[in-house]
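A short write-up of the structure that comes next.
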Amino acid sequence: MPTIDPTVRPTKGVALAASEFFFILLPIIVTAIVLAAKDQLPSIVHSPEWSFAATILTGQAIVKVVSGLLASRGIIAWQRTAVWLSSIIVFLLVPSATILAPMVLAEAPATWMVIMQSLLFLTAAILFLFYGSLGHQLVEGEPAASAS
């Protein structure tokens, strides 16, 4: 059974995930600059960009962990992974995508929607950085990948 290469440090995976994370944040940064120029920066919390970003981060986290699992060749039990992926889809991806539509349509979204999208974004960001770094670790730490 292959093992994870100990020379691949988790910080390398975190750095790779963080670099992708910054590009996902780019639309929010641009929105913040535009709102600041219009003296409306506090309204950034009402922007649907947070829901867009949460949905993208969640989807990318799923891709990272699945890619890592495919490269790991059985290091991680697929049954536990199925439970984790199912819970991510049900409790994070679907709610992020669901809250997106009313956030885009509402002129003044309800406070609970703003809070919910903020919590979903924060959860998705943490999840992406964790699973993104784990996925990179598994992909890069697989010595058998170059042999097949």
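Here, each number is a calculation from the coordinates, and none is a lab measurement. As the structure is a computational prediction, the values presented were derived from the model and not from experiment. Glycine gets a Cβ as well: all are built from the backbone with ideal geometry, and neighbour counts include every protein chain shown.
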Pairwise label distance in nanometres, Gln79 with Ser67, each label 7 Å out on the Cα-Cβ vector: 2.9 nm
Under the span-like rule (Cα at least 30 Å along the axis, Kyte-Doolittle mean at least 0.5), DSSP H helices of the chain: 10-37, 49-72, 111-140
Gain in span if fully extended, Ser19 to Thr98, counting 0.36 nm per residue against the direct Cα distance: 25.7 nm
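Counting Lys +1, Arg +1, Asp -1, Glu -1, what net charge surrounds Gly132 among other residues with beta carbon under 14 Å of its beta carbon? If you can, show how the numbers build up before the last one.
On the way: positive: Lys12, Lys64; negative: Glu20, Glu140.
The answer is 0.
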Per-peptide average of other Cβ atoms within 10 Å, ordering 18-25, 45-52 highest first: 45-52, 18-25
Sites Ile33 and Ile115, calculated FRET efficiency, Cβ-Cβ separation with R0 25 Å, nearest 0.05: 0.55
Stokes-Einstein D for the stretch 35-110, Kirkwood Rh over Cα pairs, 10 °C, 1.306 mPa s (µm²/s): 110 µm²/s
Rh (Kirkwood; distinct C-alpha pairs) - the chain, Å: 16.6 Å
